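Read through the structure below, which is laid out as structure tokens, and then see the notes.
Every number in this text was worked out from the coordinates using simple rules, so none of it is lab data. Model, not experiment: these values are computed from the prediction. Here Cβ is always computed from backbone atoms with ideal geometry, including for glycine, and neighbour counts include all displayed protein chains.
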Amino acid sequence: MSQQKLIIASTSTLHGSEYLSYLLPTLQKHFNNCTEIIFIPFARPSGISHDEYTALAKKAFAIINIKVKGLHEFDDYKNTLQNAQGIFTGGGNTFLLVKQLHDNQLITVLKDVLLNGTPYLGTSAGSNICGITMQNTNDMPIVYPPSFNTLSCIPFNINAHYLDPDPTSTHKGETRETRIKEYHKFNITPVVGLREGSWLQVNGKIITLKGKLDARVFKANKAPYEVGPEYDFSNLK
């Protein structure tokens, strides 16, 4: 039986606020039995090192008196995740993150520890990997992972940073909604568009929308629809 305890957030940072600050009250409760968590920094391709990225997470979690260590600091990644009190995977490029997880044979390990109840936070790319596949990421394919399959912690895919069409824009390119509808020409997995400041809280098999905004739900051969905060996604398939 699933004992999952997950926070799947659209973003780490809201406009005008500090890294993770909007989530800290939730994270304090979520990681209440943790004195230290392991941070997976593998999604960041450039501009910031794994050490620098981990330092950003350390600074945020210090506010709620939780220590952070980067997974890259350890020699045995599998053993480190298996013994972690809690786990956080940050954002960046989902293609890179998934390739690193597959290359280091961590997909199954990570899935197993989460299924067994290790509390987890994902933001952006770290949230995309919680779905059945990573195919609804907004990121460019800068590397080629051996598979698009991810953790399947939830029975649908995530589109993080979901944006609504701007009626005043003169841009004629595809919207997020158009892209997701294109995906559903060839795939049947439902997709949840998470707007900035929204997250999914997963307790066992219960999946609840949190935050102040609605989420947009896409299913193959059906019109998209909106759901509000506290909506239960447990039966979305």
Likely footprinting exposure, 36, 196, fewest C-beta neighbours within 10 Å first
36, 196
Among DSSP beta bridges whose residues both lie in the chain, state the antiparallel percentage, nearest 5.
50
A 23 angstrom limit on the alpha carbon distance is what I want to check against. Which of 29/69; 59/205; 58/205; 69/99; 205/237 exceed it?
59/205; 58/205
Going residue by residue through the stretch 142-154, the Karplus relation 6.51 cos²θ - 1.76 cosθ + 1.60 with θ = phi - 60° gives ³J(HN,Hα) values, rounded to whole Hz and with x marking Gly or Pro, of 6, 9, 10, x, x, 7, 8, 5, 10, 7, 6, 6, 10
Amide H contacts under 5 Å for residue 133, placed H, 5+ residues apart:
150
For 34, 153, which order do you get if you count the other beta carbons within 10 Å of each Cβ and list the fewest first?
34, 153
Counting only helical runs of four or more DSSP H residues, what would the 222 nm mean residue ellipticity of the chain come to if each run contributes -39,500 (n - 2.57) and the total is spread over all its residues?
-6500 deg cm²/dmol
Hydropathy first: keep DSSP H helices in the chain averaging at least -1.0 on Kyte-Doolittle, then drop any whose Cα extent along the axis falls short of 15 Å, and list what survives.
50-62
For the stretch 1-155, alpha-carbon Rg and Dmax in angstrom
14.2, 41
Can you order the peptides 128-136, 7-15, 58-66 by their average number of other Cβ atoms within 10 Å per residue, highest first?
128-136, 7-15, 58-66
